[in-house]
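J.: Take this structure, written in structure tokens, and hold onto it; I'll ask about it next.
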Amino acid sequence: MKIAGTAYRTLWPLPSGAVCVIDQSRLPFEFVTLELASLEDAAHAIRTMVVRGAPLIGATAAYGLALALRAEASDERIAAAAEALRATRPTAVNLAWALARVRRVIEPLPVPQRAAAAFAEAGRICEEDVAQCRAIGEHGAKLIRERSAEVRRRVNVLTHCNAGWLACVDWGTALAPIYVAHDAGIELHVWVDETRPRNQGASLTAFELGAHGVPHTVIVDNLGGHLMQHGEVDLVIVGSDRTTATGDVCNKVGTYLKALAARDNGVPFYAALPVSTIDWSLEDGRAIEIEARDAAEVTHLTGRTAAGTLERVRVVPEGSPALNLAFDVTPGRLVTGLITERGVCAASRAGLAQLYPERAA
Ligand code: MRU
């Protein structure tokens, strides 16, 4: 994706052996890149959400493991580094998936070859992510085109959180169909849920869509139901941090309420995700570990003042406790379909088995 005419991915390796990322904690106000040179740098970037979004967390963890092996690549070092990275954030399965994938490749190798092989595998994970997100975009754009033909006017798509190129290596999951459809000349407009408490919609999705010239409007998280009741939402597309083998979709907190409102109003509700987001070991989304984050993200807001400085202000009375669970689970029965790199399927075991017969077996 391009920022001010320059094409960027969200992370890229440097000739020094370090990895460069965009510091998403500074967006949308400052576009700053950051070098990750060690395991600790990578773990810190994931934990503090300098990088975030399920596929990007996975890609960063893969590079983090490679960085950890530059000095020493023993079995013990691999296990300890993988555990340190895995512990940074619990919900997005792409993290554990990427670590397991790199380990499968490097552990059978002689120790001196492991670091280079880990870097190469991290690079392949990134390339595959870009290709998969692009394919998700093509498949999802067909749905937008169909909806456009049905409504015969500008299509209104609602999305939650940020499942765009900033959440992946490029393109995005939920936003990829929007970019492909927009670039193909389909007239569309995006309702962007602000996505409290961290406001990834207001800060990141709005930034991305604006940079790409996609018409959009930021709304408070609670407006979606009202807009659906009044025919102002034609389609919902969200991302996913972990989807079970039975099609339950775990995504940013608030997604479930959008799915309920969509069902009540007959609005198609899709989740877009690559295969790396599917947890084939899980049957029931309620078993997914939901990340509990610092209550201060709920009690405080950060923004830019008129003077141009970033400030954090308290919005909850002193002494009132706050609960900050970062994700929720939408049962597959509320999901119209899953948009994957292989096509669109029902959010069910049978639907996923059709697209991924090798996993079903
Ligand atoms: O807490 P975050 O910002 O990492 O959460 C991101 C989301 O919930 C996205 O919607 C999800 O990762 C899908 S990303 C392609």
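The values are calculated or read from the model by the stated rules, or taken from the named source; none is laboratory data. Since this is a predicted model, take the numbers as computed values, not measurements. FYI the Cβ positions are ideal-geometry reconstructions off the backbone, even for glycines, and counts take in every protein chain you see. In case anyone asks, the SASA skips ligands and DNA or RNA and just uses the protein heavy atoms, side chains included. Shrake-Rupley method; radii C 1.70, N 1.55, O 1.52, S 1.80 Å.
J.: Report, in whole Å, the centroid distance computed from the Cα atoms of the stretch 292-306 and the stretch 131-210.
T.: One Cα centre to the other: 26 Å.
J.: Would you mind working out the accessible area per residue for the chain, using a 1.4 Å probe, and quoting it in Å²?
T.: Per-residue value: 41 Å².
J.: Ignoring ligands, DNA and RNA, what percent of the 1.4 Å accessible area of the stretch 138-360 is carbon and sulfur?
T.: On the stretch 138-360, the fraction of accessible area on carbon and sulfur atoms equals 50 percent.
J.: Please compute the modelled spin-label separation between residue 353 and residue 138, points set 7 Å along Cα→Cβ, answer in nm with one decimal.
T.: Label at residue 138, label at residue 353, 2.8 nm between them.
J.: If you don't mind, another one. If you scale each eigenvalue of the Cα gyration tensor by 5 and take the root, what three semi-axes come out for the stretch 7-133, rounded to whole angstrom and sorted largest first?
T.: 23, 14, 14
J.: Compute the Cα gyration tensor for the stretch 138-360, then decide on rounded, prolate or oblate, letting a ≥ b ≥ c be the square roots of its eigenvalues: rounded whenever a/c is under 1.5, prolate when a/b is larger than b/c in the other cases, and oblate in all that remain.
T.: Oblate, because a/c is 1.5 or more while a/b does not exceed b/c.
J.: Something else now. So which residue, out of 149, 81, 261, gets the largest mean-square fluctuation from a GNM of the chain using Cα contacts under 10 Å as springs?
T.: Maximum among the listed residues: 149.
J.: Between residue 26 and residue 3, what is the label-to-label distance in nm when each label sits 7 Å out along the Cα-to-Cβ direction?
T.: Output for this residue pair reads 0.8 nm.
J.: While we're here: Classify the stretch 132-194 from the C-alpha gyration tensor, please: rounded if a/c falls under 1.5, else prolate or oblate depending on whether a/b exceeds b/c.
T.: The shape class here is oblate.
J.: Also: Per-residue accessible area for residue 280 at 1.4 Å probe radius, Å² rounded to 10?
T.: Rounded to the nearest 10, the figure is 60 Å².
J.: Let's see if you can work this out: charge +1 on each Lys and Arg Cβ, -1 on each Asp and Glu Cβ, no other charges. What is the dipole magnitude of the stretch 2-128 about its Cα centre, in debye to the nearest 20?
T.: The dipole of the stretch 2-128 has a size of about 300 debye.
J.: Report the full-extension gain for the segment residue 83 to residue 71: residue separation times 0.36 nm, less the Cα-Cα distance, to one decimal in nm.
T.: Stretched out fully, the residue 83 to residue 71 stretch lengthens by 2.6 nm.
J.: For the pair residue 320/residue 306, report the inter-label distance in nm, with labels modelled 7 Å from Cα in the Cβ direction.
T.: That separation, rounded to one decimal, is 2.7 nm.
J.: Another question, then. Considering the zone a paramagnetic label at residue 18 would reach in this model (a point 7 Å from Cα along the Cα-to-Cβ line), which residues of the stretch 56-82 have amide N under 14 Å from it?
T.: Zone members listed by number: 67.
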